[in-house]
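None of the figures in this text is laboratory data; all of them are computed from the coordinates on show. Bear in mind the structure is a predicted one, so any value in this text is a computation, not a measurement. Glycine also receives a Cβ, built like all others from the backbone with ideal geometry; neighbour counts cover every protein chain displayed.
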């Protein structure tokens with residue numbers, strides 16, 4: 001048995017257990033703009049999904065209480081971090097219906113950070129914990 | 001049936017032996033390979049240096065001089081207890097200026113490829129695909145260095161498992177870490193890479209900048225790094241001015257509106 005193979009086996013095991021990156025991270029930009037104590041739950045229709053640094057952005061339209069369409073932009077972390085959580089460049093396409101749990105901007109602008117999203121019947125963890133909910 | 005059982009048993013035994021071998025002795029005076037922090041958050045360190053984060057705790061207050069405190073107040077970070085909205089910050093790295101050194105190690109330290117030659121050791125970083133070189137040919141630090149984004153580094157082995165790096169000549173435009181801690185051109189640093197075994201090493205980093213800090217402080221204290229498989233594919237993670245601009249236009253600038 002070559003030592004190199006042993007290293008590979010061990011390291012692969014170690015890497016598998018270490019790829020999970022804490023959910024609180026938004027490494028480059030912080031969370032000062034958000035009301036982090038309040039979860040916002042919306043249903044939306046995707047208009048654009050941008051898979052890039054420094055943070056991936058999901059754009060979607062939401063019907064407000066009066067039936068008007070409001071255009072939202074919500075962020076998650078960067079592609080390498082989101083890849084480690086099972087997100088992909090092609091996971092959203094325009095027209096997809098999404099159920100989102102967000103923290104939203106304090107100033108009322110329709111921007112936010114995705115904590116959880118359901119698309120095509122599959123649930124994905126975003127960034128951080130859902131306010132008021134125990135961490136998964 | 002017996003053959004299948006024998007085959008599976010052999011596989012398990014082989015995997016067990018291979019794992020044991022992996023715990024073996026480290027090679028002498030060799031850091032070659034791809035290393036990453038054991039705990040990813042230790043390397044990413046959004047709130048500042050792992051062992052001295054800007055979290056408001058008294059034990060993490062840095063010993064600023066008056067000049068250091070004045071320099072700190074000019075840096076508006078979008079992370080840490082004094083964070084400002086992304087549109088209001090002035091982080092040089094957010095316009096894709098080089099992070100430089102020591103920030104490249106104190107923020108976003110991810111998989112890092114160490115390459116050794118007889119004359120130097122090179123560190124190839126994930127973030128922004130930048131690298132630094134550490135001279136190991138016996139030369140000393142320059143006495144009056146011109147500033148460089150990554151400074152000037154020399155290293156030597158103090159024993160078979162311990163590689164000590166000295167750095168000076170850094171560019172004061174860079175931040176020490178993601179919390180916006182400042183440094184002057186007088187900053188000197190020591191990094192101690194201590195290999196514990198085949199798969200693990202520890203990194204301790206001490207900063208000494210008498211212009212901005214009244215005494216040396218330890219930014220990393222025995223932070224553990226693990227050896228990754230040599231076939232690890234390091235993801236691309238670049239700062240792109242056009243992507244930053246688009247992020248600011250669509251998102252960050254709107255969060256800063258009053």
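In the protein assembly as shown, Rg over Rh equals 1.02, where Rg is the alpha-carbon radius of gyration and Rh the Kirkwood radius from pairwise Cα distances.
GNM remark for chain B: springs join alpha carbons under 10 Å apart, and the peak mean-square fluctuation among B:237, B:201, B:189 falls on B:237.
For region B:127-258, what class follows from the C-alpha gyration tensor (a ≥ b ≥ c being the square roots of its eigenvalues): rounded when a/c is under 1.5, otherwise prolate if a/b is larger than b/c, else oblate?
oblate
Each part reduced to its alpha carbon centroid, region B:204-248 and region A:64-86 end up 28 Å apart.
Relative to the longest principal axis of the Cα atoms of chain B, the long axis of helix B:2-22 lies at roughly 40 degrees. Can you figure out the FRET efficiency of residue A:43 with residue A:106, using R₀ = 25 Å and their beta-carbon distance, to the nearest 0.05? Approximately 0.65, to the nearest 0.05. Length, then width, then depth: along the principal axes, the Cα atoms of chain B run 74, 48, 36 Å. Between residue A:68 and residue A:99, full extension at 0.36 nm per residue minus the direct alpha carbon distance yields a gain of 9.4 nm. Remark: spin-label model distance residue B:232-residue B:76 equals 3.7 nm, labels positioned 7 Å along the Cα→Cβ axis. Working value for region B:56-196: equivalent-ellipsoid semi-axes of 28, 17, 15 Å, each the square root of 5 times a Cα gyration tensor eigenvalue, largest first. Here is how the number arises for the protein assembly as shown: DSSP H runs of 4 or more residues each give -39500 (n - 2.57), the sum is divided by the residue count, and the result at 222 nm is -5000 deg cm²/dmol. Computed from label points 7 Å out along Cα-Cβ, the spacing between residue B:185 and residue B:224 is 4.2 nm.
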